[in-house]
Amino acid sequence: VYSYAHLTLLSPISLPLDNLQLKSYLTSALSQFLGQTGLGIPIDILHLDPTSSSSSSSAWVRLPRPDLAAFSAAITAFPGISYGDEKIVLKVEAAGDYLGALVGKGEEQDIWGA
Amino acid sequence: MVRLKDRYLLVNIIYTDLPPAQSKTAGSNKPPVSDLLLYNQPTANELRPQTLLKDIRSEIASLFGDCGSGAIDRSLQVKYFSPATSTFILRVSRSHYRLVWAALSFMQTLPAKNGRPCIFRVVRVSGTMRKVEQEAIRRARLLVLAAKDELKGMSSSDALGALLRSDSQQQRTLAIVGGQGDDSASEDGLVED
């Protein structure tokens, strides 16, 4: 039915992330890797963490289950947006079929320290 | 040894920009042309297989992006192109032939500047070149027979039925045209799969 992904946006400057900005990055990534069929994948943005640290922000998205593999591949393959000499890139922290498990995994780092 | 399997697609170019009711003008000097032949008319010689291939690749890139382009890049080739019969044979890898088929469905015009509007219709998919060639010959023969029948004024004919019918069982058993007239299509030349 649905799958979930936890994405991180890494950027050289502190970029205030909002839904529209993220949507445009995702659209870029999907259309480059998958063309119009990629643009047809309905992505729901569930939650945005604007500044978990100053240079990276986090997002949780939901998408149809059959499209998870293609979506992950598209995000991973995305060359990023150039910002002068540097790039703004997206990273897939976690992806899976159950949101609870993904959230839990994210919290692991905080619990066990690192 | 691992076999690299391919699929061969037999594709017709159907022209859609026809003047209306051409064969019905009374007292015209030209002999009437079968509508079926008008839809399946020859292609201009300017269209070359490389141009066609480039156009298909760009359609796949637009529809399926880098991933789709990469999937078919090695294996996509125009194996045969006949402007006279507006027919061509594509080779694709077996796992991705449906990508190419989908791209063909989205192409609306000939790959040229101000190309004529047309439909690319896949009429046969086969694992071997030989079977596709046989099918091309068979269809060409049926087309001639169906066009003759249409000019004779027969509103439905066995050749036309065999041409339009997608039931492969009956296609195989249709030895000579005749004696199989059950659900032949009766519209002139409108191809419907």
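FYI, it's all coordinate maths here, none of it is from the lab. None of the values given here were measured: they were computed from a predicted structure. Glycine gets a Cβ as well: all are built from the backbone with ideal geometry, and neighbour counts include every protein chain shown.
Key figures for this structure:
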item: Cβ charges +1 (Lys, Arg) and -1 (Asp, Glu), total dipole of region B:47-164, debye; result: 300 debye
item: Straight-distance crosslink candidates among lysines, where the alpha carbon sits under 21 Å from B:Lys148 and sequence neighbours closer than 8 are dropped; result: B:Lys24, B:Lys30
item: Global geometry of region A:1-90, whether rounded, prolate or oblate, following the gyration tensor of its Cα atoms and the 1.5 cut on a/c; result: oblate
item: Average beta-carbon neighbours from other chains, 10 Å sphere, peptide A:28-39; result: 4
item: Separation of alpha-carbon centers, region A:24-76 and region B:62-100, rounded to whole Å; result: 29 Å
item: Whichever lysines have a C-alpha closer than 27 Å to that of B:Lys5, once near sequence neighbours (fewer than 8 apart) are set aside; result: B:Lys54, B:Lys79, B:Lys131
